[in-house]
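I have placed the structure first, in the form of structure tokens, so that the comments after it can refer back to it.
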Amino acid sequence: MTSPYVAIVEDDDSVRVALGRLCRAYGMSTRELATAHELVDSLAERRPDCVVLDLQLPDCDGLDADEWLRERGIALPVVIITGRDDTKRSSEHVVLPKPVDDSTLIAAIRNFLDRG
Amino acid sequence: MWPPLSQNRVSRIGWLAVLALGYYVAVRLGLSFRFQNSIIGVVWIANAVLLAALLLTPVARWPWVLAVTAVTHLAAMLPDAALWRALWQIGINAALTTTTALALRRFADLPLTLATRRQVLVYTVASFALAAVFALGTPVVVRSALGLEPSYTHAVAWLRVALSNGAALLLVTPVIVLWGQHGLTPLERLTPRAMLEGGAIVVCLLTVGFVLFGTGSEIARFPALLMLIFPPLLWAAVRLGPLGASTALLGIAAVSAWGTAGQLGPFVAFSDATKVLSLQLFWITMSTPILLMAAVIREREQAESSLLTLRQHLTHATRVATAGELSGALAHELRQPLTAILANAQAARTLLDTGSADAGELRIILDDIALQDRYAADVITRLRAFVQEREPHFEPIALDVVVRDALALTKVLLDRIGVSVDADLPPDVPRVWGDSVQLVQVVLNLILNACESMYHTPAPERRLRVELARNDTHFVELAIADRGDGLPLGAQDKVFEPFFTTKETGLGLGLAIGRSIVTAHGGRLWGENNEGRGATFRVLLRATA
């Protein structure tokens, strides 16, 4: 079995790099992206097994990005991470507040992978 | 410095010794400063010393003060006066001074500072009224009433004693009490400039004093010249406060007494009795207005300073409120480095646990952790500097740094609302004289206002232009232009009024405080609508060079 492929979409360079490192340390392969547009562009290349999506992206809201993908029939497992206190819109998603513990994040990702 | 009597036994004895010496000198001075063989002094300083001592000590110590001065009085008087007369004087003097001190304790809100009009008036009235009343009981007045004192009529003796005591209480007591309370600290605190001014005032006072009272009788031909005394006295009252004013008055009184006794000055042509009366009236008429003037100035200074303190508190309170508005954004700003630090640390730990760590990668991870930690510390330091309450500290300030700080504090908020910032902050713009925290507060408020005004602006058009430029040779101008709703038409200055707000939240103090800060910096803050959309706020501050 190839290692699971996780896309990390986060505009803050330091957070993106660190989350990438964490996922790789747990044996995943990663793709680090700064915007929702980059994510959409990257889909043509390879579809990730799971997306770690920051709620607040410069070009759009993480939830909007997820919705946009669903509307186009691209159903991706999405783990949303957020630095905001208000997570009211996201009852149907896995939303993890920052700073996120590795056990929580990895468990959330693996949960999707196992299902997939 | 006069030590409080409660301090310790040695200093208490030392203090009483100083009192005894001062009182002795005062009695001898009073005795020596008489005209011909009059038994009534021109100014009975001893009572002024006694009253000052009573005002400087708690009531419980008054018996000591009275005992020491009584013994000293006997020692100073007995070579010349009969024992019964000295004892009589001791009794009546003690009665006058303790009654006056009690009256002042009751009506004048001690300690005596002469820093309020009320206290000056109460002090003047109490010392004169009581001096007049108790004069009726002095040996010379009682005996002249009984015909035992041939040189005076009853009324003249009473007037002379009353004025002699009254003038002493008015001129001498304040000087002793005020210096006694402050010690030499007012002198130690003098700035070189204040010292220069104080010196100039002393020179003026002495010059005028010697012109008026140190020259021959020709000065009496121009009585209007006596008015010359007022400019330097007013100068002292306005600039040096009650302490300086009362000291200046005593100095002038001393010079006038010295001159008149030496047959110089404007009163020389009069008979001895008229000379004495003229001197006393001269002292009394100049003292009260000068002391009142010093009190009025001091009252105004205190009102201004309490207003300033209040404004500082308000400025700080609004700063804290602004920080509160930003707290959500700041929490987010701290969560980013914390997230990176945690993920990095756990990645490194996992790499070590799985045995796949290599030293080079671990080093990079640790460097990143340190970097993120410093970033988080910077956020906290900036916030802390912004909200702490402290005295304003004026120094040359680079406005581009101020603007960058304000933008850093609002970065997350600007990102969240999707405001793109276009900042033109040339570093070679001259510095301005100011308080960096207050200036950050002004700029921050302008940025926040701009953000709020762009609430209805379509997201791609939310732009903020910040421009810093040298206005002309003397001023630096900071312009903050938004593309928001603009200022209310026809009432563009209304937004600077306290509690004026177009927002649903907020007190409406931001711009009012901003303008008051800029005005206190000697600058201007105003707003104008743009030709297209939005408004531009401009801050004009004087350049240091």
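The values are calculated or read from the model by the stated rules, or taken from the named source; none is laboratory data. Quick caveat: nothing in here was measured; it's all calculated off a predicted structure. Note that we place each Cβ from the backbone using ideal geometry, even for glycine, and neighbour counts take in every protein chain shown.
Could you grab me the full set of residues in region B:206-224 that are touching a Leu at 6+ places or on another chain (Cβ under 7 Å) and closer than 20 Å to B:Thr288 by Cα?
Scanning region B:206-224 gives a single hit, B:Val208.
How many of the residues making up region B:509-531 are within 14 Å of B:Leu487 (Cβ to Cβ) and part of a loop (DSSP other than H, G, I, E, B)?
Count: 2.
For a quick check of your reading of the model, give me the residue pairs whose first member lies in region B:415-437 and is of a type in the set (S, T, N, Q), whose second is in a loop (DSSP other than H, G, I, E, B) and crowded, with 19+ Cβ neighbours inside 10 Å, with beta-carbon atoms closer than 9 Å and at least 6 apart or on different chains.
B:Ser420/B:Arg462
Scan B:Leu399, B:Leu468, B:Leu409 and give me the residue that is at pLDDT below 90, touching a Leu at 6+ places or on another chain (Cβ under 9 Å) and farther than 19 Å from B:Ala512 by Cα. Full working, then the answer.
Values: B:Leu399 fails: at pLDDT below 90; B:Leu468 fails: at pLDDT below 90.
Every option except B:Leu409 fails the conditions.
Return a yes/no flag: does region B:247-254 have any residue that is within 16 Å of B:Ile176 (Cα to Cα), in contact with a Phe, Trp or Tyr (Cβ under 9 Å, 6 or more places away or on another chain) and not aliphatic (A, V, I, L, M).
yes
Working only within region B:521-538, note down all residues that are surrounded by 21 or more Cβ atoms within 10 Å (Cβ to Cβ) and out of contact with any Asp or Glu (no Cβ under 7 Å at 6 or more places or on another chain).
Hits for region B:521-538 are B:His521, B:Gly523, B:Leu525, B:Phe537.
Among the residues of region B:438-468, count how many are closer than 21 Å to B:Ile397 by Cβ and surrounded by fewer than 20 Cβ atoms within 10 Å (Cβ to Cβ).
Residues meeting the conditions: 1.
Which residues, taken from region B:81-127, are among the small types (Gly, Ala, Ser) and either touching a strand residue (DSSP E or B) at 6+ places or on another chain (Cβ under 8 Å) or surrounded by fewer than 17 Cβ atoms within 10 Å (Cβ to Cβ) (or both)?
Selection gives B:Ala82, B:Gly91, B:Ala95.
For region B:182-277, give me every one of the helices (runs of 4 or more DSSP H) that falls completely inside it and has 3 or more residues that are over 19 Å from B:Ile297 (Cβ atoms) and aliphatic (A, V, I, L, M). I'd like the intermediate steps shown before the answer.
Working: elements: B:185-188, B:192-213, B:230-261.
The qualifying helices (runs of 4 or more DSSP H) are B:192-213, B:230-261.
Could you check how many residues of region B:390-448 are in contact with an Asp or Glu (Cβ under 6 Å, 6 or more places away or on another chain) and closer than 18 Å to B:Gly328 by Cα?
1
Restricted to region B:323-336, and to residues that are surrounded by 17 or more Cβ atoms within 10 Å (Cβ to Cβ) and facing chain A (nearest Cβ under 7 Å), which residue is farthest from B:Val387 (Cα to Cα)?
The selected residue is B:Gln336.
Out of the residues in region B:492-515 that are farther than 27 Å from B:Glu461 by Cα and either aromatic (Phe, Trp, Tyr) or at pLDDT 90 or above (or both), state the one that is surrounded by the most Cβ atoms within 10 Å (Cβ to Cβ).
B:Arg515
Looking at (1) β-branched (Val, Ile, Thr); (2) over 19 Å from B:Val49 (Cβ atoms); (3) within 46 Å of the chain's Cα centre (by Cα), find the lone condition where B:Ile92 falls short.
(2)
Being within 14 Å of chain A (Cβ to nearest Cβ), in contact with a helix residue (DSSP H, G or I) (Cβ under 6 Å, 6 or more places away or on another chain) and touching a residue at least 60 places away in the same chain (Cβ under 8 Å): is that true of B:Val412 here?
Considered against the rule, which asks whether it is within 14 Å of chain A (Cβ to nearest Cβ), in contact with a helix residue (DSSP H, G or I) (Cβ under 6 Å, 6 or more places away or on another chain) and touching a residue at least 60 places away in the same chain (Cβ under 8 Å), B:Val412 comes out as yes.
Restricting to region B:338-384, give me the number of residues that are more than 12 Å from chain A (Cβ to nearest Cβ) and surrounded by 15 or more Cβ atoms within 10 Å (Cβ to Cβ).
3
Conditions tested, residue by residue: (1) within 30 Å of B:Thr354 (Cα to Cα); (2) out of contact with any Phe, Trp or Tyr (no Cβ under 6 Å at 6 or more places or on another chain).
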{"position": "A:Cys50", "(1), (2)": "yes, no"}
{"position": "A:Arg70", "(1), (2)": "no, yes"}
{"position": "A:Glu92", "(1), (2)": "no, yes"}
{"position": "A:Val95", "(1), (2)": "yes, yes"}
{"position": "A:Asp101", "(1), (2)": "yes, yes"}
